[in-house]
Ligand code: TXA
Ligand code: MG
């Protein structure tokens, strides 16, 4: 792991270079609509091991396998419940990952030792082109160092992965900004939400019916120590900037009052935007709508780190729709430290 990391463009020539590296079993940073991924051939065990090394990721945390064509899914899974078909029809290609029983061809290194595999069919044109030209499916976790905020630009990837991987494809800023929605299916075929994302709980309920979508424990609250998790990613502290993050729930007056009693060197506030006029303390805005907040969240956490923040007080987002994904990520960045004002 001592590369002179190359920044590639999205030109056809550069996409060929990226695909060539992937065919050689190398790890490449690639753009997707959600966040940047650290991609390698999902079927090549040594390539997949290199992803874990570059990221510093625990080996029991499985990777998502990205496919370039819908029909490719049957190469990697043994069965697809009816509700999975309905979700695929509604939301693929797009920011949705479905955990399904894996075929033997998917190595256990990729699936983190599980008999299931998370499959995603991304909509990002460059991601799909890279997958197609690589000639395989690509295992790709978010392209951050394990534990730090996910990268939503090529610059973020470079800052975490410089020297650790041979190349990054620069596809500009990710539109969504938070990672894909992850679901599995229970024994009755109901959809189990493991990680909220841009495809919201409400979106899925509208397709398969509210009675057919359940939310796994741990999406909005901290799991007790030792509790069995349905998705290994749930048990790790995630998305954390270097600064300590605290989520403050309550109106803007109470928020300002709280921060003024706790202000000091290195203390920053994360505001929505509309609430920032005349705000007397150092702050950054992460957006007024849930879509904006999802798009900006990780970038703002990184910016505040660069500004030297030691403590960040964040306004608590609305949890409806995409807001649930924003809340879920912020809660993990805060190590579940929430103050109800
Ligand atoms: O948007 C995304 O999903 C991005 C882009 C690059 O596609 N990828 C991503 O991967 O966020 P990662 O590895 O950072 O997060 C994958 C999550 C983890 O929490 C993992 O535990 C869960 O999905 N996961 C993957 N396979 C699973 C499986 N077989 N069973 C349960 N959970 C699984
Ligand atoms: Mg991740």
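The values are calculated or read from the model by the stated rules, or taken from the named source; none is laboratory data. Predicted model only: the values in this text are computed from it and were never measured. When we count neighbours, we look across all protein chains shown, and the Cβ atoms used for this are built from the backbone with ideal geometry, even at glycine.
Structure notes:
- Unmet criterion (only one of (1) out of contact with any strand residue (DSSP E or B) (no Cβ under 7 Å at 6 or more places or on another chain); (2) farther than 11 Å from residue 29 by Cα; (3) within 16 Å of ligand 2 (Cβ to nearest atom)) for residue 144: (2)
- Filter pass, residue 127 being modelled with pLDDT of 95 or more, in a helix (DSSP H, G or I) and near ligand 1 (Cβ under 9 Å from one of its atoms): yes
- Residues of the range 306-341 that turn out to be more than 18 Å from residue 263 (Cβ to Cβ) and surrounded by fewer than 18 Cβ atoms within 10 Å (Cβ to Cβ), as a count: 8
- The set of residues from the range 174-192 being assigned to a loop (DSSP other than H, G, I, E, B) and under 16 Å from the mean Cα position of the chain (by Cα) comprises 174, 175, 176, 177, 178, 179, 180.
- Contact annotation: residue pairs with Cβ atoms under 9 Å, 6 or more positions apart or on different chains, pairing a residue in the range 95-121 that is in contact (Cβ under 8 Å) with a residue 40 or more places away in the chain and farther than 25 Å from residue 199 by Cα with a partner that is away from ligand 2 (no atom under 16 Å from the Cβ) and in a strand (DSSP E or B), are 106/77; 106/117.
- Residues satisfying the stated conditions in the range 11-44, i.e. surrounded by fewer than 18 Cβ atoms within 10 Å (Cβ to Cβ) and either within 23 Å of the chain's Cα centre (by Cα) or not assigned by TED's automatic domain parsing to the domain that holds residue 166 (or both): none
- Within the range 96-104, one or more residues are more than 10 Å from ligand 1 (Cβ to nearest atom), assigned by TED's automatic domain parsing to the domain that holds residue 186, surrounded by fewer than 23 Cβ atoms within 10 Å (Cβ to Cβ) and within 27 Å of residue 50 (Cβ to Cβ).
- Residue within the range 315-325 that is touching a helix residue (DSSP H, G or I) at 6+ places or on another chain (Cβ under 9 Å) and within 16 Å of ligand 2 (Cβ to nearest atom) present: yes
- The range 146-168, residues that are modelled with pLDDT of 95 or more and in a loop (DSSP other than H, G, I, E, B): 150, 151, 152, 153, 162, 163, 164, 165, 166
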